[in-house]
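Comments concern the structure below.
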Amino acid sequence: MTADFNKYDSTVNYLYRLQKHGIKLGLSNIKELMDRLGSPHRSFRSIHIAGTNGKGSTAAAIASILHESGFKVGLFTSPHLVSFTERIRIDNQPITERDVIETASMLHDLIAGTELNPTFFEVVTAMAFSYFAQNSIDWAVVETGMGGRLDATNIISPDVSIITNISLDHCEFLGSGISDITFEKAGIIKPGIPVITSSGRPEVVKQLSDIAESRGAELHVYNRDFRGSLLQMDERRITFNYAGYGNFSDLTMSLAGRYQLYNACTAVRACEILRDKGHPVSDESIKKGLSNINLEGRLEWISGSPPVVIDGAHNPEAAGSLAASVKEIFPDKKIILIAGIMDDKDIFGVLRPLVLISDLVVLTRPGYERAASLEKLEKNLLAVKESDADTSAMVITAATVGEALDIAKKNCRNDNIILVTGSFYTTGEVKELTGSKGVLTALREQVRGEEAK
């Protein structure tokens, strides 16, 4: 594939064109890439995180704690909201556009003339590990892209593995049942390496326990081996107590939402395990790390006037948790919901809890080929209304996210909050519309238009 690596936008364009190879779960390509790069993934220690929801928050918390402990820390997460550079960070600083160009160009030259046809995510994973090695990081906190067993990130040998929670998502790739999905995510469990889970499903914990035992890996379970109690929550943070190897009182996590309690406690447990292994992680580092997390797209305020909050909830469990937290944090506010959801998601399941807390729903479609049509969104919303007599929200459709935001703003009164959710693509476009720098919306449209010719 020819590419122009003189500019950042054309480089990102090249990377997005790799999506034509689709999603191919398997480790053969990433192993070949790592071999050709000189095994950069072996130059740093790592923590590996899988799960349906909570991966990003847990990863950001651990990375922040390790940074406060004096380590140089790489963080690899997906997707991004606005800029591709968000995916690859060192000490919470995104990779520079110049380094994106140079690293992508190097990977392109490496595979040119070979039979390798890596996917977008495989190339980006290789870019992250190469960038981390070049910058001599101490630790990498790595989030899986999808599943775990055959995910490109599963090339690493972590010091701790984490499986946040498990619910139905990506069923077309991971299997149609909870047991199938648990099996795939449990693929990150390595022999003799401790694994942590915050899952509350007994059947999931039992399956993880059996798999961990078969691999000689000690399993740490939330509410059995460690736990937390929420003390206070507002629109910007939670305060909680923690009990594990040690006890912490009045910890503050700079992310909002009741569900963040599980992510925070899982992060603390991971750091306790590292400390038990002899790594210097102090109580003060844990406290400061949790309070200094900088993570976008999770109940994030992006505007005060009008009040706009974004969250990337894109499956029923995340949507339900978001709806409950919004009602708890903003009990006296009326919600204007902007929802844009990907076509392959459980649209009914995502919409139902969010519509039930909303006075006005604006359905829209982000500029991405996998986005559900307005007709499909309307059909599912009608099904929600037919299934629940308590739903009285007014519904408007908007062809673009920008139009949806304009409609929401025009209808916003003093007692309203605008909540944008359903997909990171939708929330990312709103961030870009409100001033965050990004080039991806235009590039996605350009690529789609060229490939349609």
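The values are calculated or read from the model by the stated rules, or taken from the named source; none is laboratory data. Note that the structure is predicted; figures quoted are calculated from it, not measured. Virtual Cβ from ideal backbone geometry, glycine too; neighbours counted across all protein chains shown.
Couple of notes before you dig in:
- Residue within the range 309-316 that is part of a helix (DSSP H, G or I), among the small types (Gly, Ala, Ser) and either at pLDDT 95 or above or under 21 Å from Asp234 (Cβ atoms) (or both) present: no
- Pairs, first assigned to a helix (DSSP H, G or I) in the range 319-336, second small (Gly, Ala, Ser), C-beta under 6 Å, six or more apart: Ala319/Ala313; Leu322/Ala313; Ser325/Gly257
- Flag for Arg269 being at pLDDT 95 or above, basic (Lys, Arg), surrounded by fewer than 15 Cβ atoms within 10 Å (Cβ to Cβ) and more than 30 Å from Thr426 (Cα to Cα): no
- Matching residues, the range 311-326, being of a type in the set (Gly, Ala, Ser) and closer than 10 Å to Pro353 by Cβ: Ala313, Ala318, Ala319, Gly320, Ser321, Ala323, Ala324
- Boolean, Asp332 is in contact with a helix residue (DSSP H, G or I) (Cβ under 9 Å, 6 or more places away or on another chain), assigned by TED's automatic domain parsing to the domain that holds Asp415 and either farther than 18 Å from Lys385 by Cβ or of a type in the set (Phe, Trp, Tyr) (or both): no
- Elements of type helices (runs of 4 or more DSSP H) contained in the range 137-237, each with 1 or more residues being assigned by TED's automatic domain parsing to the domain that holds Ser249, more than 26 Å from Asp91 (Cα to Cα) and in contact (Cβ under 8 Å) with a residue 60 or more places away in the chain: 171-174, 178-185
- Val73 meets all of the listed conditions (1) closer than 30 Å to Asp311 by Cα; (2) surrounded by fewer than 21 Cβ atoms within 10 Å (Cβ to Cβ); (3) in contact with a His (Cβ under 8 Å, 6 or more places away or on another chain) but one, namely (2).
One line per residue, one yes/no per condition, for (1) of a type in the set (S, T, N, Q); (2) in a helix (DSSP H, G or I):
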site	(1), (2)
Thr11	yes, yes
Tyr16	no, yes
Asn29	yes, yes
Ala60	no, yes
Leu75	no, no
Ser78	yes, no
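- Within the range 22-70, considering residues that are hydroxyl-bearing (Ser, Thr, Tyr) and buried (at least 20 other Cβ atoms within 10 Å of the Cβ), the one nearest to Leu150 (Cα to Cα): Thr52
- Residue check for Phe226: modelled with pLDDT of 95 or more and surrounded by 15 or more Cβ atoms within 10 Å (Cβ to Cβ): yes
- Residues of the range 348-357 classified as surrounded by 24 or more Cβ atoms within 10 Å (Cβ to Cβ) and over 18 Å from the mean Cα position of the chain (by Cα), total: 3
To keep it simple, each residue is scored yes or no on (1) within 19 Å of Ser39 (Cβ to Cβ); (2) at pLDDT 95 or above.
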{"site": "Ile88", "(1), (2)": "yes, yes"}
{"site": "Glu115", "(1), (2)": "no, no"}
{"site": "Val141", "(1), (2)": "no, yes"}
{"site": "His170", "(1), (2)": "no, no"}
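- Evaluation of Glu378 against (1) within 12 Å of Val395 (Cβ to Cβ); (2) surrounded by 20 or more Cβ atoms within 10 Å (Cβ to Cβ) (one fails), failing number: (2)
- Only residues that are assigned to a loop (DSSP other than H, G, I, E, B) and either of a type in the set (Phe, Trp, Tyr) or under 14 Å from Pro316 (Cβ atoms) (or both) were counted in the range 342-387, giving 5.
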